[in-house]
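The values are calculated or read from the model by the stated rules, or taken from the named source; none is laboratory data. Bear in mind that the values here come from a model prediction, so they are computed numbers and not experimental data. Neighbour counts run over all protein chains shown; Cβ positions are idealised from the backbone, glycine included. Calculation scope for accessible area: heavy atoms of the full protein, side chains included, ligands and nucleic acids excluded. Shrake-Rupley method; radii C 1.70, N 1.55, O 1.52, S 1.80 Å.
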Amino acid sequence: ERPEMVTEAFLAPGERLDVLFDGTQMQSGSDVFLKSLAFDPMENDGMTGMVAGGSMGNMKHMESMGKMHGMNHDMGGMSTSKLPLGAAFNVMKISASAGTRVDAKLPVTLSKIVPIVVDGAVERKIELSNNNQQFLINGQTFRMNENAFEVKRGSVEIWRISNPVKGMPHPMHMHGFSFQVLERINSPSQFSSVQRFGKGLMVGDLGWKDTVLVWPGETVRIAIDFTHNFLGDQVYLFHCHNLEHEDSGMMINFLVRA
């Protein structure tokens, strides 16, 4: 709803942030870099050496020198990258040239986000897992013509998405609906510095979301309002946004019953 000043934010594949870059203090001829800083990928390599893993993206970290975490990618035992997963590297260079300085101010209020009312909402368990080189949701793999479960149009549900300790990071993406992150439970200590907004939330959890990162050992609770304006029953996808995980089965259909 309002601008937030942070020194770092974590982004996974499919997540977005609007970032204000203030270049008024740069001198003509100087450079700053968008930089992916080193991070702990928590890929559980010992467990997944033969599994197409896929990284979860990584930290975006703004510092006074203009550095920011970017993205990296790997495939758990089958990487073609010249960089180790989680290693630092430059993404982009920004060079300053002479020009007119512009004074600009962010508005105090950016948008109005009305919290989803969850009183009496059904809480649905969503369990992520990996079995014999196959990534699963509630023990199920993707089947084109099958729906994993049904929800009722106009209903509100809380999804409790859990990832096992020996799992891998999964950015879970929902088609058709945006949701709100309610809380993070048992988050890894490596990322406690970015959880500054109560109930384990990070700055990227504060707005409307369609993708949320779930770390190994972590549980994330989200609220979804399944109101829509379409006629009849509707089928939507829910899947991991690490494409190797999605392609290895971590995707399901769910039916919104009219």
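Can you tell me the accessible area per residue over the chain, all protein chains present, probe 1.4 angstrom, in square angstrom?
Details: 14060 Å² over 258 residues.
Per residue, the chain has an accessible area of 54 Å².
The distance separating the Cα centre of the range 126-145 from that of the range 1-46 comes to 32 Å. State the dimensionless ratio Rg/Rh of the range 106-159 (Rg: radius of gyration of Cα atoms; Rh: Kirkwood radius). Result for the range 106-159 is an Rg/Rh of 1.17.
For the range 151-191, the fraction of alpha-carbon pairs lying more than 15 Å apart is 57 percent, rounded to a whole number.
Close amide-amide hydrogen proximity is noted between PHE149 and LEU255, each under 5 Å apart and 5 or more residues distant or on a separate chain (H modeled in the peptide plane; Pro and chain starts excluded). Evaluated at q = 0.08, 0.10, 0.12, 0.14 Å⁻¹, the base-10 log of the normalised Debye intensity for the chain, with identical point scatterers placed on the Cα atoms, takes the values -0.36, -0.56, -0.78, -1.01. Summarising the strand pairing of the chain, around 80 percent of its internal DSSP beta bridges are antiparallel. Only protein atoms count toward the accessible area here, which uses a 1.4 Å probe; on the chain, the carbon and sulfur part of that area reaches 52 percent. Each Lys or Arg adds one and each Asp or Glu takes one away; over the other residues whose Cβ falls under 14 Å from the Cβ of MET144, this sums to -2. When the alpha carbon gyration tensor of the range 186-258 is reduced to an equivalent ellipsoid, its three semi-axes come out at 28, 18, 9 angstrom, largest first.
Given 0.36 nm per residue, what is the gain on full extension from ALA38 to SER192 after removing their alpha carbon distance, in nm?
Values: separation 154, 0.36 × 154 = 55.44 nm, distance 1.60 nm.
Extending this stretch completely gives an extra 53.8 nm.
Our coupling estimate for the range 145-160, obtained by passing each phi through the Karplus curve with A = 6.51, B = -1.76, C = 1.60 and θ = phi - 60°, is 9, 10, 9, 5, 6, 10, 10, 9, 4, x, 7, 10, 10, 10, 9, 9 Hz, Gly and Pro reported as x. Loop-located chymotrypsin sites (Phe, Trp or Tyr not before Pro) across the range 205-258 with a Cβ neighbour count of 13 or fewer within 10 Å are TRP208, PHE230, with loop assigned by DSSP.
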